[in-house]
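Below is one structure; the comments refer to it alone.
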């Protein structure tokens, strides 16, 4: 009982964590473009659309408990890419550097949660039964 409740709550929190920012990529488009420009990214409109769509679709999969492992792995790859491109604390000093380092480390925890969720689902869910 405790294991299934914890899994449902944890999966729901991770799903919501990515769903809301995925939607916000489109709602607050200009803010996200400015952030990506500040970090010197290229192909910003394409990457922003791709990030928003991935976050929304993968989070819906996780929330609906369908294709959880592939969705979690995809989000894990995205977190790694975001960490090295948008939370590049080594390029900043002072308060801004500390803030980016905090986000970088926070994302490592989220990455760990995604990998645990994916590993659990790979081990216990047979995607080919359906």
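No lab work stands behind these numbers, since they all come straight from the coordinates. All figures in this text were calculated on a predicted structure; none of them were measured in a lab. Glycine also receives a Cβ, built like all others from the backbone with ideal geometry; neighbour counts cover every protein chain displayed.
What order, most packed first, do the peptides 13-23, 101-111 have when packing is the mean number of other Cβ atoms within 10 Å of each residue?
Result, highest mean Cβ count within 10 Å first: 13-23, 101-111.
Relative to the longest principal Cα axis of the chain, at what angle does helix 44-63 sit, 0 to 90 degrees, rounded to 10?
It is inclined by approximately 20 degrees.
As a check on your grasp of the helix formula, calculate [θ] at 222 nm for the chain: sum -39500 (n - 2.57) over DSSP H runs of n ≥ 4, divide by the residue count, round to the nearest 500.
Dividing the helical sum by the residues of the chain leaves -28500 deg cm²/dmol.
How far, in degrees from 0 to 90, does helix 29-38 lean away from the longest principal axis of the Cα atoms of the chain, to the nearest 10?
Tilt relative to the chain: about 60 degrees.
Can you put 6, 12, 59 in order of Cβ neighbours within 10 angstrom, beginning with the fewest?
Lowest count first: 6, 12, 59.
Taking only Cα atoms of the chain, what ratio of Rg to Rh do you get with Rh as the Kirkwood inverse-distance radius?
1.02
Can you tell me the orientation of helix 94-124 relative to the chain, as the angle in degrees between its alpha-carbon axis and the longest Cα principal axis, to the nearest 10?
Result, in degrees: 20.
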